[in-house]
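Heads up, the thing below is written out as structure tokens.
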Amino acid sequence: MKAVLVLEDGTVFQGISCGINGEAGGEVVFSTAMTGYQEIISDPSFAGQLITLTYPLVGNYGMASRYQESANTAARGIIIKEETMSYQKGLKGKTLQQYLEENRLIGIKGVDTRTLTRHIRTHGSMRGIISTKETPIEELLQKANEILPITEQNLVDQVTTPKKYTIPGGWPAVAVLDFGVKSNIIRSLNKLGCTVIVFPAHATPEEIKAAEPDGLLLSNGPGDPMMIPHAIDTVKSLLNSMPVMGICMGHQILGTALGARTYKMKFGHRGGNQPVKDLQKDRVFVTSQNHGFCLSKEDLPDDVVITHINLNDGSIEGIKHGHLPVFSIQFHPEGAPGPKDTEYLFKEFMNMISLQGGGSHA
């Protein structure tokens, strides 16, 4: 069945339907990862978006539960060049088509994703709509322009856990404020022996303190951090209570709680090949990233130190406070997909907790 992608500026891409039939609209973005298509599709940070996968071949190693980063897919749809109909049988998984159908996702294949990516890089991320219906292009264009901008949507509420839950472990106990946490962040903490207590994004400081955690991790998540001001206020209230680590949106939330501001990037960083320099170690790491917002250098308070920068555009990739035991990074140290060169940051968080006395669970 034929499908079409219409962007808000009137650009049209013709293709073939994959997944279910219908229409899906959202912000059109691209990921440059060469592998990990299932982790990308199931990453809650893609809520409200149509994902363009720039690697031209998708589905060649199937879909398996081991690669799932959330219980439900939050992306609105996918855009690919070529779908592989056969895959490695050893994983005993599903085809891409089966996965899309089970998760009620709309997709389009046969698209020149290189041309689409260059268009987004030139003009910026924009709203778009995928349709398998015989809807006139003019009507689809109108619908694309009626989609709420990402800066006006509270997407975190769509992906956060509805209630607190605990993954048993040992010491320390780490509270995770869930803005759309990836499974591998929780797995990474568990591997270090942590008991992980996951809280909804709307949890109050009192609810978090009542669990007596030794540290607080602020997770990744979708959209604009300014759409969840209550979370910023919560983090402000907890800064003097325990060590804090932020990842991706958690980095933006922490930076804002410390007095910085964020801005929307032209097309963001999404993929597993972003070079980041650790200014303290004087080393460069290749990182996995997925974000469309960034902390502004011009608005950083004097007591906040930049620890990491992106070597492609010079944007902030990490900060720490001058005297409080808090730090954050814009990239994903847990990978999934992508390199795990920066997993050492989880251990630095554990060391920070140890130096603070380990809280009531020590």
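FYI, it's all coordinate maths here, none of it is from the lab. The shown structure was predicted, so the numbers you read here are calculated from the model rather than taken from an experiment. Neighbour counts are summed over all protein chains in view; Cβ atoms, including those assigned to glycine, are modelled from backbone coordinates with ideal geometry.
What the table below lists for this structure:
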item	result
Per-residue ³J(HN,Hα) for region 332-337, Karplus 6.51 cos²θ - 1.76 cosθ + 1.60, θ = phi - 60°, Hz, x for Gly and Pro	10, x, 7, x, 6, x
Pairwise label distance in nanometres, Lys264 with Leu279, each label 7 Å out on the Cα-Cβ vector	2.8
Glu82-Lys163 pseudo-label distance in nm [points 7 Å out on the Cα-to-Cβ vector]	4.9
The chain: angle of helix 229-238 to the longest principal axis, Cα-based, in degrees nearest 10	20
Cut-off 17 Å (backbone N to label point 7 Å along Cα→Cβ of Ser354), residues of region 180-197	189-195
Net length gained if the chain between Arg114 and Val12 were fully extended (0.36 nm per residue, minus Cα distance)	35.3 nm
The chain: C-alpha pair distances exceeding 30 Å, %	36
Arg76, Arg114 arranged by Cβ crowding within 10 Å, fewest neighbours leading	Arg114, Arg76
Nearest-ten-degree value, helix 137-146 long axis tilted from longest Cα axis of the chain	20
Glu27, Glu138 arranged by Cβ crowding within 10 Å, fewest neighbours leading	Glu138, Glu27
Helix-derived mean residue ellipticity, 222 nm - over the chain, DSSP H n ≥ 4, -39500 (n - 2.57), to 500	-6500 deg cm²/dmol
Within a Gaussian network of the chain (alpha carbon springs, distance under 10 Å), most fluctuating of Ile80, Ile319, Ile120	Ile120
Charge dipole (debye, nearest 20) of region 2-147; +1 at Cβ of Lys and Arg, -1 at Cβ of Asp and Glu	480
Residue (of Leu100, Gln142, Met34) at the positive-pole extreme of region 2-147, dipole from beta-carbon charges	Met34
Top positive-direction residue, dipole computed over region 156-361 with Cβ charges, set His230, Ala203, Phe349	Phe349
Cα centroid of region 206-254 to Cα centroid of region 139-200, whole Å	12
Relative exposure of Arg66, Arg121, judged by other C-beta atoms within 10 Å (fewest first)	Arg66, Arg121
Modelled FRET efficiency - R0 25 Å, His202 with Ser296, Cβ distances, 0.05 increments	0.45
Nearest-20 debye value, the chain charge dipole, Cβ charges on Lys, Arg, Asp, Glu	920
Amide H contacts under 5 Å for Thr84, placed H, 5+ residues apart	Val58, Gly59, Asn60
Angle in degrees between helix 344-355 and the longest Cα principal axis of the chain, rounded to the nearest 10	30
Cα-Cα over 19 Å, subset of Lys281/Lys347; Lys191/Lys340; Lys236/Lys266; Lys277/Lys297	Lys236/Lys266
